[in-house]
1. If I filter region 95-112 for residues that are touching a residue at least 40 places away in the same chain (Cβ under 8 Å), over 20 Å from residue 130 (Cα atoms) and not charged (D, E, K, R), do I get at least one hit?
2. What helices (runs of 4 or more DSSP H) completely inside region 28-145 contain at least 1 residues that are modelled with pLDDT under 85 and surrounded by 15 or more Cβ atoms within 10 Å (Cβ to Cβ)?
3. What number of residues within region 7-27 are in a helix (DSSP H, G or I) and either without any contact (Cβ under 8 Å) to a residue 40 or more places away in the chain or among the β-branched types (Val, Ile, Thr) (or both)?
Amino acid sequence: MNWKGHFLFAFILFLLIGYFILNIEIINLLLFAILAGFSSVLPDMDHELSKFRKISDKLFPIITFVYLFWNSWDLLSSIILTLLFSGVYFLIFTFLKPKHRGITHSLFALITFSIIIYIFAKTFFYPFFIGYLSHLLADRTFKLL
C-alpha cells in the first residue's frame with residue numbers, strides 16, 4: 001500500500017474509533033484523525049524513498065532543536081543535544097539502516113514509539129497508536145521484533 005492509502009485508512013479508522021469508542025469532540029476528532037494519518041506512514045521510515053523519510057531527514061534536526069530549546073532555554077545545551085540526537089538518527093539510518101518491513105513494522109516498534117509519545121505528549125497517544133497500528137494492519141505485518 002502506498003502512503004496515501006495508509007493515510008486514508010488511518011484517518012477513517014481513527015474517525016470511527018474516536019467517535020464511537022473514545023467519544024472525542026468533532027473538532028479534536030478531525031485534528032487527531034489527521035495526526036493518525038501522519039503517524040500511519042511512520043513504519044515506512046526504513047525505506048529510503050518513503051515520503052516520511054524524505055521529510056524527516058530534513059526536519060528532524062529542526063524539530064529536535066525547537067523542542068529542546070523550548071523546554072530548556074539554554075541555547076548551547078540545545079545545540080549540543082540536537083547535534084547528538086541528529087548524529088544518532090543519521091548513523092542509524094545510514095549505517096545501521098533497518099531493512100524494509102523490518103523492525104519498524106513490528107509490535108516492538110509500535111509499543112516503543114507509543115511509550116515515548118505517552119511520556120512526552122499524552123494528548124497524542126491515541127492518534128499516534130491507532131495510526132501506527134493501522135499501518136501494520138494494512139500491511140498485515142505482525143512481527144514481535
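1. Within region 95-112 (the criterion being touching a residue at least 40 places away in the same chain (Cβ under 8 Å), over 20 Å from residue 130 (Cα atoms) and not charged (D, E, K, R)), the answer is yes, since at least one residue qualifies.
2. Filter on region 28-145 gives 51-72, 75-94.
3. Within region 7-27, residues that are in a helix (DSSP H, G or I) and either without any contact (Cβ under 8 Å) to a residue 40 or more places away in the chain or among the β-branched types (Val, Ile, Thr) (or both) number 11.
The values are calculated or read from the model by the stated rules, or taken from the named source; none is laboratory data. Since this is a predicted model, take the numbers as computed values, not measurements. When we count neighbours, we look across all protein chains shown, and the Cβ atoms used for this are built from the backbone with ideal geometry, even at glycine.
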